[in-house]
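Below is one structure; the comments refer to it alone.
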Amino acid sequence: NQLQKKEKQIADANLRDEALQAYLDRISELLLSSEYRSQLLTRSCSDDNPIQDVARVRTVTILRRLENDVERQRQVLDFLRDAKLFDFILKGINLDNINLNNAYLTRANLNDAKLNGAYLSNANLKNANLDGACFRDANLK
């Protein structure tokens, strides 16, 4: 029984590692493509940017997949920060009911983000842009 639990934990960790690596690879492909890179990194006011939309959806998907996995969530957020995507990929993102306890969101642009019912206990939101963000029923303790 103990052995089975340990094997399941290892298998689950491997699946999370694979999901994280696939996310990093896909976003890196967008950054490496000259065609997509300019669209991904544009900071125009246009809401019609399918490349940013894809990156945003992939980011939401991986953050949800890695719920309760603070270290891997941090790797996603650090990657976005290092790739200069942090300022706009999280803007307006729908993270309703997500578990981001202990997340490192310092200087994140969560302008107009939806965080209703989100778990943000001990999340570091220092200097984050929270203008227009919705936190209804969010756990901030």
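Tabulated values for the structure
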quantity	calculated
Scope the stretch 62-105; condition among the basic types (Lys, Arg) and in contact with a strand residue (DSSP E or B) (Cβ under 6 Å, 6 or more places away or on another chain); matching residues	ARG74, LYS91
Only one of LEU80, LEU31 that is more than 29 Å from LYS141 (Cβ to Cβ) and not hydroxyl-bearing (Ser, Thr, Tyr)	LEU31
Scan of the stretch 22-56 for residues that are open to solvent by 90 Å² or more (accessible area, probe 1.4 Å) and at pLDDT 85 or above, ordered by number	ARG26, GLU29, LEU32, SER34, GLU35, ARG37
Residue within the stretch 51-66 that is in a loop (DSSP other than H, G, I, E, B) and over 12 Å from the mean Cα position of the chain (by Cα) present	no
Set GLN52, GLN21: member being closer than 22 Å to LEU63 by Cα and in contact with a Ser or Thr (Cβ under 8 Å, 6 or more places away or on another chain)	GLN52
Enumeration of residues in the stretch 57-71 that are open to solvent by less than 40 Å² (accessible area, probe 1.4 Å) and under 18 Å from ALA108 (Cβ atoms)	THR59, VAL60, ILE62, LEU63, LEU66
Test: residue in the stretch 9-28 that is among the aliphatic types (A, V, I, L, M), part of a loop (DSSP other than H, G, I, E, B), within 16 Å of the chain's Cα centre (by Cα) and within 28 Å of ASN122 (Cα to Cα)	no
Residue list for the stretch 95-111, restricted to those being of a type outside the set (Gly, Ala, Ser) and within 21 Å of GLN39 (Cα to Cα)	ASN109, LEU110, ASN111
Among (1) in a helix (DSSP H, G or I); (2) open to solvent by 70 Å² or more (accessible area, probe 1.4 Å) - the single one LYS84 does not satisfy	(1)
Qualifying positions in the stretch 108-130 - open to solvent by 10 Å² or more (accessible area, probe 1.4 Å), in a loop (DSSP other than H, G, I, E, B) and under 18 Å from ARG56 (Cβ atoms)	ASN111, ASP112, ASN116, ALA128, LEU130
Filter result for ASP96 (open to solvent by 60 Å² or more (accessible area, probe 1.4 Å) and either part of a helix (DSSP H, G or I) or at pLDDT 90 or above (or both))	no
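The values are calculated or read from the model by the stated rules, or taken from the named source; none is laboratory data. Model, not experiment: these values are computed from the prediction. Here the Cβ is made from the backbone with ideal geometry for all residues, glycine too, and neighbour counts use every protein chain on show. Keep in mind that these areas ignore ligands, DNA and RNA; they rest on the heavy atoms of the full protein, side chains included. Shrake-Rupley method; radii C 1.70, N 1.55, O 1.52, S 1.80 Å.
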